[in-house]
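Q: Next up is a structure, given as structure tokens.
The values are calculated or read from the model by the stated rules, or taken from the named source; none is laboratory data. All figures in this text were calculated on a predicted structure; none of them were measured in a lab. Every residue, glycine among them, receives a Cβ derived from its backbone with ideal geometry; neighbour counts consider all protein chains shown.
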């Protein structure tokens, strides 16, 4: 047996630098392995949002880990307005292996029943929470009712994040274990041979993009096409409203937003969702109208066919293997196929549908605080902490927090320019070599080998194919306007709201993520090359450079 | 009489079929032995006499018919068979020929079988075999050989068992070595198998030594091949106690019936235990 602790270094306290000062308000926090997560939280966050994601680790991840008998727990903490999380062991080192075995058994049982639980348990509960929020007329609540709604919102949000991790842990574990097993069984395979066997299933992200595609096919009227394709994305809705011919598309567009518009440009409560500001999806609509081929249904069917061909080949090769091998292959295949769908669908239902509703509650809270003059405008409420918001609500109509909001905003502006270190506190060395850690690594990505050639970047294979194109570095979805057909989208990370852009981009290059990251999964569905987790693409590459993206080998070459 | 079936009484005549097949034939009636037929020494004689290396036409016809009949019995569309040589003086009490002659696994189709049988016959003239025979005072100019064609069990777990402990000579201990896949990796020693010691008198598992099994032999369209065992099952025990006891019981019964301590090869396929070989242990004294 390989010793899971072999090669681990002695714990090392990470020195604090003057550029990123840290004061250890709780002394034991210095001994925690705090990890920055640029894939989900690359920017400094307003206080309320930051506390929400800390609570997500404390009350979402930790109970899910405990439920699966895992020997670790999670905690979130804010450093200079950046969100950090620590995963730390809760059993002594000598008990880690035994506890790990228990977790493997619990996760194995969970993998076997994911689909059943999703349909019978998880999704119904998620929908029950969403219905709770939908049933409430926020503007009509009395002050006491508003306070109760705020408390209930926090409680239900945490319950939803608990469900979130109850879902994603076995889902990603199944995908990771399947990939491991495949590589054990078949030699000389490319990075995607295992992953290909999980492709071609419909999911809510694809459904969302497909609905947008179908919407684009409705813009057949000449005048309507003229409006959509020539106006700036922020003015299209108004222009459609002002045109008799535009009414049909406008109502289809509103129907689309009602079903799919509960998502912002990134995973955020602070940023408006598409329902509030549809500009990013209008940009997608504009691109789609100009595209002739590229029916998403055809892409999905092609992917499903590749999957079945690959699967038949794998099964033929395994025909003479012991039953235990074939049994495990089929078990993990099925779990991973469910897992890959849930890895998108949980995001639709929890990360976006519920977060949008939480945002709506906070917008109403902000409106009330602003109305009473406690803060200047509704969105300022996000700069208060969770308890501060509650206290401010309870004290209405009294209160003045203008000074605090101003202070917090100034802090964020100050911190925006600093580079947060990847790790703070104590470094315990690389994670242990076990299946679950490997699965996490395939999602978040591990640091790439630095490229020894000038002008080259190494990352992880994200989606197969090799292509040349013009780089467009897109920091925020609002900047996506500059992306033209065939351009290479270079970005820190992508959230599902970005994925319609994948129909326009020729390839994707990201700073963060691994082969199982959301971006990689969707790029494969769009059948465009992707290199993920380069660590530095957005810094090393600039607009207009010509890149060669090799998605199979996970490399990017700056050609000129 | 060129081809005889395991269950036919004539298949117990050592001079026609060799010790290995005669033993199996005795067992086929009472134990779960995969069906098979034997090309007797007469078949070898007819081939050797022709001298050209080609098969007499009549023998080809007989082989084709026998293979088709076995496929029908096994309800297999493309029957996988193992082809093994069985020397006339092999598997006697005095000297074990284990590994000295050829074995071809996972042969599919009569043509492949004919090819494998021919190679078994030709192997009697290999320098390695002749040297072995010289060392064991066996005749080198008048070699007689039979060849067994037997349904191949696509084993999930396979191994060997000794009805007496060949290491400490304890006659009350059954020693079992098993590994994943076909038995070849255990027999040829390319994998460190799991070891189980079971007491013969009360069928209790006395010892379990679970090895890190890195390789296994699996059936493959081109025959067999040795591949890596996937990580998740390398350190897993191949047998639970019930299976270890089932094998020990089989070894115990066989020893009683044969009247000598036995060395058996066996395999599990779909949870059913098959007996593949049974020989006397030659190293106890």
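Q: Is it true that residue A:112 is farther than 30 Å from residue A:415 by Cα and surrounded by fewer than 17 Cβ atoms within 10 Å (Cβ to Cβ)? Spell out how you get there, then give the answer.
A: Details: farther than 30 Å from residue A:415 by Cα: yes; surrounded by fewer than 17 Cβ atoms within 10 Å (Cβ to Cβ): yes.
Yes: the conditions hold for residue A:112.
Q: From A:374, A:325, A:365, which residue is farther than 21 Å from residue A:497 by Cα, surrounded by 19 or more Cβ atoms within 10 Å (Cβ to Cβ) and either modelled with pLDDT under 95 or within 14 Å of chain B (Cβ to nearest Cβ) (or both)? Lay out the reasoning, then the answer.
A: Details: A:374 fails: either modelled with pLDDT under 95 or within 14 Å of chain B (Cβ to nearest Cβ) (or both); A:365 fails: either modelled with pLDDT under 95 or within 14 Å of chain B (Cβ to nearest Cβ) (or both).
Of A:374, A:325, A:365, the one residue that is farther than 21 Å from residue A:497 by Cα, surrounded by 19 or more Cβ atoms within 10 Å (Cβ to Cβ) and either modelled with pLDDT under 95 or within 14 Å of chain B (Cβ to nearest Cβ) (or both) is A:325.
Q: Out of region A:487-506, which residues are part of a strand (DSSP E or B) and either closer than 19 Å to residue A:439 by Cα or in contact with a helix residue (DSSP H, G or I) (Cβ under 8 Å, 6 or more places away or on another chain) (or both)? Walk me through how you get there before you give the answer.
A: Taking region A:487-506 and keeping what is part of a strand (DSSP E or B), we get A:488-491.
If the condition is that a residue be part of a strand (DSSP E or B) and either closer than 19 Å to residue A:439 by Cα or in contact with a helix residue (DSSP H, G or I) (Cβ under 8 Å, 6 or more places away or on another chain) (or both), then A:489, A:490, A:491 are the ones that fit.
Q: Restricting to helices (runs of 4 or more DSSP H) lying wholly in region A:352-470: which have 3 or more residues that are over 30 Å from residue A:29 (Cα atoms)? First the steps, then the outcome.
A: Values: elements: A:355-371, A:386-395, A:402-416, A:435-444.
Where helices (runs of 4 or more DSSP H) fall fully within region A:352-470 and carry at least 3 residues being over 30 Å from residue A:29 (Cα atoms), they are A:355-371, A:386-395.
Q: When you go through B:185, B:179 one by one, which is the residue that is buried (at least 23 other Cβ atoms within 10 Å of the Cβ) and either out of contact with any strand residue (DSSP E or B) (no Cβ under 7 Å at 6 or more places or on another chain) or modelled with pLDDT under 95 (or both)? Working first, answer last.
A: Working: B:179 fails: either out of contact with any strand residue (DSSP E or B) (no Cβ under 7 Å at 6 or more places or on another chain) or modelled with pLDDT under 95 (or both).
The unique qualifying residue is B:185.
Q: Here is a further query. I'd like to verify a number: residues in region B:205-220 that are surrounded by fewer than 21 Cβ atoms within 10 Å (Cβ to Cβ) and touching a residue at least 40 places away in the same chain (Cβ under 8 Å), how many? Spell out how you get there, then give the answer.
A: Start the filter on region B:205-220 by keeping residues that are surrounded by fewer than 21 Cβ atoms within 10 Å (Cβ to Cβ), which leaves B:205-212, B:214-215, B:220.
From what is left, the residues that are touching a residue at least 40 places away in the same chain (Cβ under 8 Å) are B:205, B:220.
Counting residues in region B:205-220 that are surrounded by fewer than 21 Cβ atoms within 10 Å (Cβ to Cβ) and touching a residue at least 40 places away in the same chain (Cβ under 8 Å) gives 2.
Q: So if I check each of A:137, A:184, which one is outside the structural domain of residue A:463 (by TED's automatic domain parsing) and in contact with a strand residue (DSSP E or B) (Cβ under 8 Å, 6 or more places away or on another chain)?
A: On the way: A:137 fails: in contact with a strand residue (DSSP E or B) (Cβ under 8 Å, 6 or more places away or on another chain).
None of the others qualify; the one that does is A:184.
Q: Report those strands (runs of 3 or more DSSP E) wholly inside region A:507-556 carrying at least 3 residues which are under 23 Å from the mean Cα position of the chain (by Cα) and touching a residue at least 12 places away in the same chain (Cβ under 8 Å).
A: Numbers: elements: A:507-510, A:530-532, A:546-550.
Output list reads A:507-510, A:530-532.
Q: Quick one: is residue A:451 farther than 22 Å from residue A:263 by Cα and over 26 Å from the mean Cα position of the chain (by Cα)? If you could, list the steps in order and put the result at the bottom.
A: Values: farther than 22 Å from residue A:263 by Cα: yes; over 26 Å from the mean Cα position of the chain (by Cα): yes.
When the stated conditions are applied, residue A:451 passes them.
Q: Turning to a different aspect of this structure: Could you name every one of the helices (runs of 4 or more DSSP H) located completely within region B:163-280 that has at least 1 residues being touching a helix residue (DSSP H, G or I) at 6+ places or on another chain (Cβ under 9 Å), under 30 Å from residue A:434 (Cα atoms) and within 14 Å of another protein chain (Cβ to nearest Cβ)? Please lay out each step first, then the result.
A: Numbers: elements: B:184-187, B:231-234, B:241-258.
Per the criteria, B:231-234.
Q: Take the residues in region A:65-109 that are in a loop (DSSP other than H, G, I, E, B) and touching a residue at least 60 places away in the same chain (Cβ under 8 Å); name whichever of them is nearest to residue A:171 (Cα to Cα).
A: The extreme case among them is A:68.
Q: Can you go through B:192, B:199 and tell me which one is at pLDDT below 95, outside the structural domain of residue B:67 (by TED's automatic domain parsing) and more than 19 Å from the chain's Cα centre (by Cα)? If you could, list the steps in order and put the result at the bottom.
A: Numbers: B:199 fails: at pLDDT below 95.
Of B:192, B:199, the one residue that is at pLDDT below 95, outside the structural domain of residue B:67 (by TED's automatic domain parsing) and more than 19 Å from the chain's Cα centre (by Cα) is B:192.
Q: Something else: Assess whether residue A:288 counts as being within 14 Å of chain B (Cβ to nearest Cβ) and either surrounded by 21 or more Cβ atoms within 10 Å (Cβ to Cβ) or not in a helix (DSSP H, G or I) (or both).
A: So residue A:288 does not fit the description; no.
Q: When you scan region A:168-284 for helices (runs of 4 or more DSSP H) that lie fully inside it, which ones turn up with 3 or more residues that are away from chain B (no Cβ under 14 Å) and at pLDDT 90 or above?
A: Details: elements: A:193-196, A:204-217, A:222-230, A:236-241, A:247-260.
Once the helices (runs of 4 or more DSSP H) in region A:168-284 are filtered for at least 3 residues that are away from chain B (no Cβ under 14 Å) and at pLDDT 90 or above, what remains is A:204-217, A:222-230, A:236-241, A:247-260.
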